[in-house]
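What follows is a set of notes on a single structure, which appears directly below.
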Amino acid sequence: MKKTTINTSRRLFLAQTTKATLTVGIGSSLIGSTLLASCASGGGSSSEPITTGFSQNPLPYEYAALEPHIDARTMEIHYTKHAAGYAKNVTDAAAEENVDTSKPLEEVLGNISQYSTKMRNNAGGHYNHELFWSIMSAEGGGQPSGELAEAIITDFGSYEAFVEAFENAAKTRFGSGWAWLVLDGDKLSVGSTPNQDNPLMDVSDFKGSPLMGIDVWEHAYYLNYQNERGKYVSNWWNVVDWNKISERYASFKA
Ligand code: MN3
């Protein structure tokens, strides 16, 4: 309970006095390193900073694991063709643009305006898909708990209001893109980005540290849902791994 009190005080303090200054002062290009620094300081319940590499991680479950909500054929094509393509192309772009691939991909994303369109599309595509696979599970579903659940209620009013806002962001993103739940400063918010952009990019209108994201490109759902994006989005909650999302929240929280 003590911790909740401190967080609330800090939230109010930021909101009332320094939020604007912080937002301007930190600047989007430093989000990645700010996250690393905050994690390295060992604040809160965070353990290891969550970062992303340039190569494709093995899918942590079988292609059929998320059925019936996401079908095996969609998962196989999505992982082995679409996502594998982004992973290959971001590695190629890194070689062409002298990027040190031993460093986190997040550092590139935070300064993406300094790189090529090829880097923007593929660094974003690779990051977004690595996140997407990691926050889904055959044992997913249910609702968040602990500090994340408290933060959702504080910032959205209720879990149900959060779900409505997130689904609305996913359904109203015109064309291809992603909908997100992010931590922006110490506040949660939902929004969406076009194409393979994401909220870590300095060029993005919607910014923050991604806690969860849903792929609303047609390749993510068309075999099973055809044109019914809304149905795919509604069913997606059944495979959302709240434990993983809570880990990300703890990692990003200052
Ligand atoms: Mn995709």
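Here are the numbers for this structure:
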| quantity | calculated |
| --- | --- |
| Mean projected area (nm²) of the alpha-carbon convex hull when region 146-253 is viewed from all directions | 6.6 nm² |
| Entries of Lys118/Lys171; Lys103/Lys171; Lys118/Lys207 with Cα pairs more than 24 Å apart | Lys118/Lys171; Lys103/Lys171 |
| At 1.567 mPa s and 4 °C, Stokes diffusion of region 200-254 via Kirkwood alpha-carbon radius, µm² per second | 98 µm²/s |
| Whole-percent pair-distance distribution, where bins are 10 Å wide, for the alpha carbons of region 66-128 | 22, 46, 20, 12, 0 |
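No lab work stands behind these numbers, since they all come straight from the coordinates. None of the values given here were measured: they were computed from a predicted structure.
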